[in-house]
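Taking it in order: structure first as structure tokens, then the write-up.
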Amino acid sequence: MKTLFRLFAIMLTLEGYGTIAEAQQPKKVPRIGYLTSADPARDSARAEAIRLALRERGYIEGQNIATEYRYAEGKLDRLPALAAELVRLKVDIILVAGGPSVIRAAKNASKTIPIVMEGLSADPVELGLVESLARPGGNVTGVSTLSRELGGKRLELLKEAVPKLARVAVLYDPATSSVLEVKEVLPVAARALRLTLQPWEVRDADGFEKVFAALNKQRPDGLYVPGGGPLINANRKRIAGFALKSRLPSVYGSREAVDAGGLMSYEADQADSYRRVAYYVDRILKGAKPADLPVEQPTKFELVINLKAAKQIGLTIPQSVLYKADKVIK
């Protein structure tokens, strides 16, 4: 009988040790792979905003979530290798911040790791990235910013700000999805507004000076710069500086261009977009499949007007346009 009691006591003790051992095993911390075509400095505001949005949902960096950051620094040919690196690290989700080239690099690297996109300005169905917005079907979902579709609205706002506007130069990088905006969306809006468009391609950093020189000769009434693309993003200050020096009213597809000295921008509300990215990450980490999470399009938009720039180029923005602004830089 004593032997039985002893055996029973030993078994209880061992079971207790097993329970303690189980309790002491650390929980697996989910890892997010963050992939962008930008460099750390230019992307810092977006990365920080997403980090804070995740924190609001209870995901704290270094505690219950870890992020592996990979930056292509404007060199798109580096994206496939960086995406492959994240796959080798066995991340739980790849968060892609940028256009089609970034998403395709992640998609080509893995057909199983969930991919959440942010910052895509084109239609993901048209680009073949998802089957449909309602049911993406593969391992890609997220937020599309609709930037391309907002082209008509930007032209309309520029015309309202500059009633005498007749000829608009359009500066764009043909290697990005903005080529569709320039060739398909803007001409329709321009006809309705009785505007003449003058498209100018810029393929590398050296190309800006040639275009600026040509624009100085042609003297258009306004400048339109679509959002997105590493080349345009890296030269925001340069473009805004040229517009100011040439006293050229300008409209942009990104708020950052106005912060760099541009006149006005109209785009999807980025803060809202970052919050939605955190929602996707949360749902996927809790077991949802990307194939079943509809791709969202923005519902909030932001018009930013730079009155300092307006003063510098000698332009008085009509009160009717200022009333529409979500933010005015004075």
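The values are calculated or read from the model by the stated rules, or taken from the named source; none is laboratory data. Because the structure is predicted, anything quoted here is derived from the model rather than measured. Glycine also receives a Cβ, built like all others from the backbone with ideal geometry; neighbour counts cover every protein chain displayed. Protein only, heavy atoms only, side chains kept; ligands, DNA and RNA dropped before computing areas. Shrake-Rupley method; radii C 1.70, N 1.55, O 1.52, S 1.80 Å.
Side notes on the structure shown:
- Percent carbon-and-sulfur accessible area, the stretch 260-330, ignoring ligands, DNA and RNA, probe 1.4 Å: 48 percent
- Within-14-Å neighbourhood charge of Glu85 [Cβ basis; K, R +1; D, E -1]: +4
- Backbone HN-Hα couplings from phi across the stretch 180-192 [Karplus 6.51/-1.76/1.60, Hz, Gly and Pro as x]: 5, 4, 5, 8, 10, 7, 4, x, 5, 5, 4, 4, 5
- Look at where the Cα atoms of the stretch 277-330 and of the stretch 118-169 average out, and the two centres are 12 Å apart.
- When the Cα positions of Ala309, Ala325, Leu293 are compared along the charge dipole of the stretch 263-330, Ala309 comes out farthest toward the positive end, with charges on each C-beta of Lys, Arg, Asp and Glu.
- Put a plus charge on the Cβ of each Lys and Arg, a minus charge on the Cβ of each Asp and Glu, and nothing anywhere else: the dipole of the stretch 231-285 about its Cα centre is then about 280 debye.
- If both residues of a DSSP beta bridge must be in the chain, then about 10% of such bridges are antiparallel.
- For Leu303, the residues whose amide H sits under 5 Å from its own are Asp326, Lys327, ignoring neighbours fewer than 5 places away on the same chain, with H placed 1.01 Å from N.
- Unit charges at the beta carbon, dipole of the chain: most positive-side option, Leu146, Ala213, Leu79: Ala213
- Dipole in debye (nearest 20) - the chain, about Cα centre, beta carbon charges: Lys, Arg +1; Asp, Glu -1: 460 debye
- Only protein heavy atoms count here; under a 1.4 Å probe, Thr316 has an accessible surface of about 120 Å².
- Percent of Cα pairs exceeding the 21 Å cut-off, where the set is the stretch 241-330: 44 percent
- Here the stretch 192-330 is assigned +1 on the Cβ of each Lys and Arg and -1 on the Cβ of each Asp and Glu. Its dipole about the Cα centre then comes out at about 420 debye.
- Note that the stretch 254-266 has calculated 3J(HN,Hα) couplings of 9, 4, 4, 5, 6, 4, 7, x, x, 7, 8, 9, 9 Hz, one per residue in order, obtained from phi through the Karplus relation 6.51 cos²θ - 1.76 cosθ + 1.60 (θ = phi - 60°); glycine and proline are x.
- For Ile284, solvent-accessible area (1.4 Å; no DNA, RNA or ligand), Å²: 20 Å²
- When the Cα positions of Leu223, Tyr69, Ile115 are compared along the charge dipole of the chain, Leu223 comes out farthest toward the positive end, with charges on each C-beta of Lys, Arg, Asp and Glu.
- 3J(HN,Hα) from dihedral phi, the stretch 229-242, Karplus parametrisation 6.51/-1.76/1.60, rounded to Hz, x for glycine, proline: x, x, 5, 5, 4, 6, 10, 3, 4, 5, 5, 4, x, 5
- Amide H contacts of Thr67 (H built 1.01 Å from N, in plane; Pro and chain starts excluded): Ile32, Gly62 sit under 5 Å, all sequence-distant by 5 or more or on other chains.
- Intensity falloff of the chain expressed as log10 I(q)/I(0), Debye formula with alpha-carbon point scatterers, at q = 0.06 Å⁻¹: -0.27
- The trypsin sites (Lys or Arg not before Pro) found in the stretch 257-319 that occupy coil by DSSP, while having at most 15 further C-beta atoms within 10 Å, are Lys286, Lys300.
- Against the empirical 2.2 N^0.38 Å (N residues), the stretch 264-316 has a Cα radius of gyration ratio of 1.78.
- Here the stretch 54-142 exposes an accessible surface that is 49 percent carbon and sulfur, computed with a 1.4 Å probe and the other protein chains kept in place.
- For the stretch 43-110: relative contact order, % (alpha-carbon pairs under 8 angstrom, 6 or more apart): 25 percent
- Accessible surface, per residue, of the stretch 234-314 when the full set of protein chains is kept, probe 1.4 Å, Å²: 41 Å²
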